[in-house]
Amino acid sequence: MENQESLKLENQLCFPLYVIAKEITGLYRPFLDELDITYPQYLVMMVLWENDGLPVNHIGEKLYLDSGTLTPLLKRLEAKGLILRKRKKEDERVVEVFITESGQALRSKACEIPEKMYRKIDLSQEEWLDLKKSIQKILTKIEK
């Protein structure tokens, strides 16, 4: 006999994760609109603010994005003057991504976003850390 309870939406792990990701991304929108970037562009910029000059494939690995998704993101960021893509001299197959002065200036404005998000969601520091730890544990298990 089939276990029809297992197919109820309320019994799924994937559904609340999907909804929370969608809702949190939506909470970022007004802050990112002020910077004239999208959430995926913000993720790319965060990776580059941490490690400028990364090859495209390393950015993709960090963000779990394939080149078909990442390349248009990078083109739009480059059109906005926030990044510069350059082929590596030693190996022209490798494209490295660098932050421009405008991209660095954006960083100082973006520094306010995490604090705004903390206030908006209103969890204790312990709750934030527990949530992050649980999510990271699930990601680690999925990656195995």
Problem set entry | Of K22/K120; K109/K133; K8/K62, those spanning more than 22 Å from alpha-carbon to alpha-carbon | K109/K133; K8/K62
Exercise. ³J(HN,Hα) across region 127-136 via Karplus (A = 6.51, B = -1.76, C = 1.60, θ = phi - 60°), whole Hz, x for Gly/Pro?
Worked result: 5, 4, 5, 5, 4, 4, 4, 5, 5, 5
Exercise. Is region 11-111 rounded, prolate or oblate when judged by the Cα gyration tensor, a ≥ b ≥ c being the square roots of its eigenvalues, rounded requiring a/c under 1.5 and prolate requiring a/b larger than b/c?
Worked result: oblate
Exercise. For the residues I113, I59, what sequence is obtained by ranking on other C-beta atoms within 10 Å, fewest first?
Worked result: I113, I59
Problem set entry | Karplus-derived 3J(HN,Hα), 6.51/-1.76/1.60, for each residue of region 39-56, Hz, glycine and proline x | 4, x, 5, 4, 4, 4, 4, 4, 4, 6, 5, 7, 9, 5, x, 6, x, 3
For this session: Within 10 Å, count the other beta carbons around each residue, average over each peptide in 82-93, 42-53, and list them highest first.
Result: 42-53, 82-93
Problem set entry | region 11-111 - percent relative contact order, Cα under 8 Å, separation 6 or more | 25
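We did not get these values from a lab; they are worked out from the coordinates using the rules stated. Note that the structure is predicted; figures quoted are calculated from it, not measured. We place every Cβ from the backbone using ideal geometry, glycine too, and count neighbours over all the protein chains shown.
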